[in-house]
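The numbers here are math on the coordinates, done by the rules we state, and not lab data. Predicted model only: the values in this text are computed from it and were never measured. Please note: Cβ atoms are built from the backbone with ideal geometry, for glycine as well, and neighbour counts cover all protein chains shown.
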Amino acid sequence: MKALSQKRRHPLAAIALLLMGLLLTGGLYAVATTVNEAKASTAEFTASDTQEGEKLFEANCATCHGMGASGTQDGPSLVGVGAAAVDFQVGTGRMPMQMNGPQAYKKPAQFNDTQTHQLAAYVASLGAGPAIPSEELLDEKGNAAEGGELFRVNCAMCHNAAAAGGALTRGKFAPALADVSGKHIYEAMATGPQNMPVFNDSNISPEGKRNIITFLKQIEANGSPGGADLGALGPVSEGLFVWIAGLGVIIAFTIWLTSRTS
């Protein structure tokens, strides 16, 4: 009895019980999140959308992404990327790609809105993933001040504090965000295309994403009240430009004066 009591009171038993509890809690959370995403991704699509989307996918996308979107050496699997990823990539013309390269460029969309919707429906049916955002999250009526703070903390290091874009490594870049629809901005945050990290609802809430969109649209509408923004590159590069231009004018004026006196 004494030996049995000592085994029951062994300190490792408490640690094992704690680990089991953490694993169970994490598993339940993952299942609940997956179920919610699945409902959000499929609720807005009909069976006809999915069927037509499958036909479009097989004719235009399967060459790279494989039948059933299982992936090939030329393109990743799309199972579980969600409707939002397809709506962003296809809606901005980044997919299908024109050519292989370090980054897919934005270009005129190859598919119309209905076809893009159908492709999104098909991919959403393959596995749970981020859904296309609802209209109330895209109304541009959020808190611009909070959105600006979120943008500066999470996005400005790549996209520039004025959302003018910036260079990354190995020929990649963070694009400027002017003239980008609120829906595509939201989808980019939710899916993390290419070099961009994923900002899921645990990182930035749907309301936070709405605030960021509000901030971006506000600075886009306000323009540059101080005059030419010089590409909104920042005070260091802009100051360097002013110094170079100013010195160039002074040197040119000096050369002109000396030529007249001689």
Worksheet entry | Residues of type aspartates and glutamates that Lys106 reaches as a straight line, Cα spacing below 17 Å, ignoring anything fewer than 8 places off in the same chain | Asp87, Asp179, Glu187
Worksheet item: Arranged from highest to lowest average of other beta-carbon atoms within 10 Å per residue, in what order do the peptides 165-172, 50-57 appear?
Response: 50-57, 165-172
Worksheet item: Between Gln51 and Ser259, what length comes free when the chain is fully extended (0.36 nm per residue of separation minus the Cα-Cα distance, one decimal in nm)?
Response: 67.1 nm
Discussion item. Give me the extension gain from Leu137 to Leu247: residue separation times 0.36 nm, minus the current Cα-Cα distance, reported in nm with one decimal.
Written reply: 34.7 nm
Worksheet entry | Dipole magnitude of the stretch 142-222 about its Cα centre (Cβ charges: Lys, Arg +1; Asp, Glu -1), debye to nearest 20 | 240
Worksheet item: Whole-Hz Karplus ³J(HN,Hα) for the stretch 113-123, in order, using 6.51 cos²θ - 1.76 cosθ + 1.60 and θ = phi - 60°, x for Gly and Pro?
Response: 4, 5, 5, 4, 4, 5, 4, 5, 4, 5, 5
Item to complete: Amide H neighbours of Gly166 under 5 Å, at least 5 residues apart or on other chains, H built in the peptide plane: list them.
Response: Ala174
Fill in: J(HN,Hα) series, the stretch 139-148, from Karplus relation 6.51 cos²θ - 1.76 cosθ + 1.60, nearest Hz, glycine and proline x
7, 6, 10, x, 8, 5, 5, 5, x, x
Worksheet entry | Inter-probe distance in nm under a simple model that places probes 7 Å from Cα toward Cβ, at Met20 and Thr114 | 5.8
Discussion item. Take the residue pairs Lys172/Lys217; Lys55/Lys209; Lys55/Lys217; Lys55/Lys141; Lys55/Lys183 and return only those whose Cα atoms are more than 27 Å apart.
Written reply: Lys55/Lys209; Lys55/Lys217; Lys55/Lys141
